[in-house]
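*Asks:* Starting off with a structure, shown below.
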Amino acid sequence: MSQTLTAQDAVRSDANIITVQQHILNEQRRLSPDASGSFSWLLSGITLATKMISARVRRAGLLDVTGQVGNVNVQGEQQQKLDVWADQALIHCLGVRENVAIIASEESEHAITFDGRTGRGKYAVLFDPLDGSSNIDVNVSVGTIFSIVELPADRKYQTDPTTAVLQAGARQLAAGYVIYGSSTMLVYTTGHGVHGFTLDPAVGAYVLSHEDMRIPNAGNIYSCNTANWNEFPAGYREYMKTLREGVDGRAYTLRYIGSLVADFHRTLVNGGVFLYPATTSYPQGKLRLLYEANPISFIAEQAGGIATDGKQRILDIVPSDIHERTPLVVGSPAEMMRFQATVEQT
Ligand code: P6P
């Protein structure tokens, strides 16, 4: 006598968790049955490193890992001890995955290749290992942001790895972030929707908790560092004044955490708009295109949102430098279409 469990039966019991690895394999079987599983192996490098980072972040006050290293990174920013640790964890975990040929990190001036392996890897991984790390000392949510691109088959990158990763965001194979917040959550897309996984410390696994995430069509929150109000380009102030006064009977409120992953995740879940315009301090914008704006924008679009630099779609920008910065305006269709009508036309 045997019993056949349907997939639906399996999901009904909370003992039948779906981990991110299982989800990736399910998706690969559904979308490309002959997939080799190499992408799932690559992603496991990111999930392992971010579990290590999460454990460290959650004990930051107990370990000598808060505060500054005393160095300034390529961005001209004070490196936090946890920045360096997170960067090393990701480089280690990805470095042992032979299908990763190149890494580009916010913390490293140049692209990183792995000795003796150039030529075999087909992927490059770009990341900000610990975005918003200056918030660590005050116990505010921080995050890891990553972007995965495929390398040219001609392997020409061996001599010039930097050029190989300068690809428009629309060419990303996958992108995601991990937010170290009230819980640790991985949100990622491979171009087939956005899915969220909550790290279950009891199991040590990222467990599917938010399948097929969609950004609300409209929200009531705008998120912007309005201390820079007088530095914003024309139109931004008018746009935010309109939101403040209320639109279609919807009064907006301001929420700003100062950690991109946290501000974007709230926008993804609750709707609304996040803006980091160009300012006099950052005339090209402050956020980095390759490993902040591109992955965030890929996720936003896959969840039904819109992301621009104030003039064009973020994912259409062809980068010229690994650490290139960009303005970023990203959010729900209602707020973004109003933004485009108000600002992009001026
Ligand atoms: P500001 C953190 O340093 C960061 O790179 C992003 O996470 C965040 O959105 C932005 O800078 C905050 O910048 O100028 O408002 O402190």
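*Asks:* Kindly state which strands (runs of 3 or more DSSP E) lie completely within segment 104-197 and contain at least 3 residues that are away from the ligand (no atom under 16 Å from the Cβ) and modelled with pLDDT of 95 or more.
*Replies:* On the way: elements: 123-131, 142-150, 174-180, 184-189.
Here the list reads 184-189.
*Asks:* Turning to a different aspect of this structure: Pairs under 7 Å by beta carbon, first residue outside the structural domain of VAL20 (by TED's automatic domain parsing) and under 12 Å from LYS51 (Cβ atoms) in segment 191-207, partner open to solvent by less than 10 Å² (accessible area, probe 1.4 Å) and in a strand (DSSP E or B), six or more apart or different chains?
*Replies:* That search, which allows pairs on different chains as well, returns nothing.
*Asks:* For VAL149, work out the one condition from (1) among the β-branched types (Val, Ile, Thr); (2) in contact (Cβ under 8 Å) with a residue 40 or more places away in the chain; (3) within 16 Å of LEU42 (Cβ to Cβ) it doesn't fulfil.
*Replies:* The one condition VAL149 does not meet is (2).
*Asks:* Go through segment 58-80 and count every residue that is modelled with pLDDT of 75 or more and either hydroxyl-bearing (Ser, Thr, Tyr) or touching a Leu at 6+ places or on another chain (Cβ under 9 Å) (or both).
*Replies:* Start the filter on segment 58-80 by keeping residues that are modelled with pLDDT of 75 or more, which leaves 58-62.
Restricting the remaining residues to those that are either hydroxyl-bearing (Ser, Thr, Tyr) or touching a Leu at 6+ places or on another chain (Cβ under 9 Å) (or both) gives 60.
So the answer is 1.
*Asks:* To continue, here is another question. Can you name the residue in segment 213-228 that is among the aliphatic types (A, V, I, L, M) and touching a residue at least 40 places away in the same chain (Cβ under 8 Å) and, of all such residues, is surrounded by the most Cβ atoms within 10 Å (Cβ to Cβ)?
*Replies:* Residues of segment 213-228 among the aliphatic types (A, V, I, L, M): 213, 215, 218, 221, 227.
Imposing the further condition that a residue be touching a residue at least 40 places away in the same chain (Cβ under 8 Å) reduces the set to 213, 215, 218, 221.
Working: MET213: 18, ILE215: 26, ALA218: 19, ILE221: 21.
So the residue we want is ILE215.
*Asks:* For segment 283-297, give me each residue that is more than 8 Å from the ligand (Cβ to nearest atom) and open to solvent by 20 Å² or more (accessible area, probe 1.4 Å).
*Replies:* PRO283, GLN284 - these are the residues of segment 283-297 that are more than 8 Å from the ligand (Cβ to nearest atom) and open to solvent by 20 Å² or more (accessible area, probe 1.4 Å).
*Asks:* Name the residue that is farthest from the ligand (Cβ to nearest atom), counting only residues in segment 229-257 that are in a loop (DSSP other than H, G, I, E, B) and open to solvent by 60 Å² or more (accessible area, probe 1.4 Å).
*Replies:* So the residue we want is GLY249.
*Asks:* Could you check segment 258-278 and list, in sequence order, the residues that are part of a loop (DSSP other than H, G, I, E, B) and near the ligand (Cβ under 8 Å from one of its atoms)?
*Replies:* Hits for segment 258-278 are GLY258, SER259.
*Asks:* Does VAL247 satisfy the criteria of being over 18 Å from the mean Cα position of the chain (by Cα), hydrophobic (A, V, I, L, M, F, W, C) and more than 30 Å from ASP83 (Cα to Cα)?
*Replies:* Yes.
*Asks:* Let me ask something else. Being closer than 12 Å to GLY331 by Cβ, buried (at least 16 other Cβ atoms within 10 Å of the Cβ), touching a residue at least 40 places away in the same chain (Cβ under 8 Å) and among the β-branched types (Val, Ile, Thr) is true for just one of VAL273, VAL261. Which residue is that?
*Replies:* Checking each option against the conditions leaves just VAL273.
*Asks:* Could I ask something else about it? I need the full set of residues from segment 123-169 which are among the small types (Gly, Ala, Ser) and out of contact with any helix residue (DSSP H, G or I) (no Cβ under 8 Å at 6 or more places or on another chain), in order please.
*Replies:* Result: SER134, ALA153.
*Asks:* Any residue at all in segment 321-335 that's surrounded by 22 or more Cβ atoms within 10 Å (Cβ to Cβ), within 15 Å of the ligand (Cβ to nearest atom), among the charged types (D, E, K, R) and outside any strand (DSSP E or B)?
*Replies:* Looking through segment 321-335, none of the residues is surrounded by 22 or more Cβ atoms within 10 Å (Cβ to Cβ), within 15 Å of the ligand (Cβ to nearest atom), among the charged types (D, E, K, R) and outside any strand (DSSP E or B).
The values are calculated or read from the model by the stated rules, or taken from the named source; none is laboratory data. Note that the coordinates shown come from a computational prediction; the quantities given were computed from them, not determined experimentally. Cβ sites come from the backbone with ideal geometry, for glycine too, and all protein chains shown count toward neighbours. In case anyone asks, the SASA skips ligands and DNA or RNA and just uses the protein heavy atoms, side chains included. Shrake-Rupley method; radii C 1.70, N 1.55, O 1.52, S 1.80 Å.
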